[in-house]
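One structure below.
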Amino acid sequence: MKARYQYRFHPTIQQQQTLAQLFASVGVVWNDALAICKQAKKLPSNNDLQKLLITQAKKTAQRKYFKRN
């Protein structure tokens, strides 16, 4: 038998803002990764995608919000 639990989450205003930024960043990274994978003849490794999309993106002006404060 499998147990199932249901939780309700009531974030504060600060937590709502942080979660909104997180989900927006995840969406941007996902879309960028999808575009790279569609254009590539051979799929890049997970490590290569992380280097391209996160590490390099932190250095650009458009993705500066990826950096932690």
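Readers should treat all values here as calculations from the given coordinates under stated rules, not as data from a laboratory. Since the model is a prediction, treat every value here as computed from it, not as a measurement. Ideal geometry is used to build each Cβ from the backbone, glycine not excepted, and the neighbour counts take in all protein chains shown.
The largest-to-smallest principal axis extents of the Cα set in the chain are 43, 40, 16 Å. Applying 1/(1 + (r/R0)^6) with R0 = 35 Å to the Cβ-Cβ distance of Ala35 and Tyr7 gives a FRET efficiency near 0.50.
Taking 0.36 nm per residue of sequence separation and removing the Cα-Cα distance, the Leu49/Leu22 pair yields an extension gain of 7.9 nm. Pairs of lysines in the chain whose Cα atoms sit within less than 30 Å of one another amount to 19, provided the residues are eight or more positions apart or on different chains.
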